[in-house]
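Q: Dumping the structure here so I can ask a few things about it.
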């Protein structure tokens, strides 16, 4: 699949939404990131990044319709995902500090599957802290438990 295909689809989606913006590709050799540069970023990001996640989901579904073997693309707006990722990792690291010092089990707030994956990746090789996704009552999202490793 060519990176141009998702860009064209995303630009069409933005046009249909009435949002003026440019799409730049940031390819980190693993997953192409389509970063939208716009003055209307809050509309595209939505509360807690939900609108951005929905936009990314729809784009990937449309791309897969034309090419079932296409790699997944990440959609970002003005670098929001990078900032959010840094904050999420910092929050998890602070919680892990308490796990290491006190042996506490700490449950982070419910989050998207992508955010949970980031946390799991952050601690997958940690000798003292393990992570586990858990169901959250009255929520469609899961949370992460950080606890002392029990190998």
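Q: For the stretch 70-96, name all the residues that are surrounded by fewer than 14 Cβ atoms within 10 Å (Cβ to Cβ) and farther than 30 Å from residue 38 by Cα.
A: Matches in the stretch 70-96: 94 only.
Q: Take residue 104 and tell me if it is in contact (Cβ under 8 Å) with a residue 60 or more places away in the chain, over 30 Å from residue 39 (Cα atoms) and part of a loop (DSSP other than H, G, I, E, B). Can you show your working first?
A: Details: in contact (Cβ under 8 Å) with a residue 60 or more places away in the chain: no; over 30 Å from residue 39 (Cα atoms): yes; part of a loop (DSSP other than H, G, I, E, B): yes.
Taking the combined requirement at face value, the residue does not satisfy it.
Q: Are there any pairs, at least 6 apart or on different chains, whose C-beta atoms fall under 9 Å, with the first in the stretch 121-144 and outside the structural domain of residue 97 (by TED's automatic domain parsing) and the second buried (at least 17 other Cβ atoms within 10 Å of the Cβ), and if so, which?
A: none
Q: Against the conditions (1) at pLDDT 95 or above; (2) not assigned by TED's automatic domain parsing to the domain that holds residue 118, where does residue 63 fall short? Just the number, please.
A: The single condition residue 63 does not satisfy is (1).
Q: Still on this structure: Please go through the stretch 27-69 and pick out each residue that is in contact with a strand residue (DSSP E or B) (Cβ under 9 Å, 6 or more places away or on another chain), over 25 Å from residue 141 (Cβ atoms), surrounded by fewer than 16 Cβ atoms within 10 Å (Cβ to Cβ) and touching a residue at least 24 places away in the same chain (Cβ under 8 Å).
A: 27, 37
The values are calculated or read from the model by the stated rules, or taken from the named source; none is laboratory data. Not measured: the values here are computed from a predicted model. Using ideal geometry, Cβ is built from the backbone for each residue, glycine included, and neighbour counts are taken over all protein chains shown.
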